[in-house]
Amino acid sequence: MIGKFVTPLYPVSVILIAMDTPNPPSIASFVIRFVIEPGASAYRGEIRHVQTGEEIRFDAWPEAVEFIRRFVPLEAEEPPCA
């Protein structure tokens, strides 16, 4: 089966995507919300996996990364280059 999509940015463009490929891509989408209270120096947040609707609250970024790793095989984090 071929999927036909008209892109919103280019209404005359048509993208054809083979929907019956043997190895379709794995897609994981997340919505992340950061909350910073007035006068607070720290943040808290919520992250939701769009495909399942599963959501957690977090107080530190590593908690969010741990949640993401449940759905995406992330490689080990490396410190930023100096």
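The values are calculated or read from the model by the stated rules, or taken from the named source; none is laboratory data. Model, not experiment: these values are computed from the prediction. Every residue, glycine as well, gets a Cβ built from its backbone with ideal geometry; the counts of neighbours run over all protein chains shown.
Of the numbered criteria (1) at pLDDT below 85; (2) surrounded by 11 or more Cβ atoms within 10 Å (Cβ to Cβ); (3) in contact with a Ser or Thr (Cβ under 7 Å, 6 or more places away or on another chain), the one ILE17 fails is (3). Contact annotation: residue pairs with Cβ atoms under 7 Å, 6 or more positions apart or on different chains, pairing a residue in the stretch 43-61 that is in a loop (DSSP other than H, G, I, E, B) with a partner that is among the small types (Gly, Ala, Ser), are VAL50/SER29; GLN51/ALA28; GLN51/SER29. Whenever a residue of the stretch 22-41 is assigned to a loop (DSSP other than H, G, I, E, B), its partners that are not small (Gly, Ala, Ser), lying with C-beta atoms within less than 7 angstrom and at least six residues away or across chains, give the pairs ALA28/HIS49; ALA28/GLN51; ALA28/PHE71; ALA28/VAL72; SER29/VAL50; SER29/GLN51; ILE36/TYR43. Residue count for the stretch 25-63 under the criterion of being under 11 Å from the mean Cα position of the chain (by Cα) and modelled with pLDDT of 90 or more: the result is 10.
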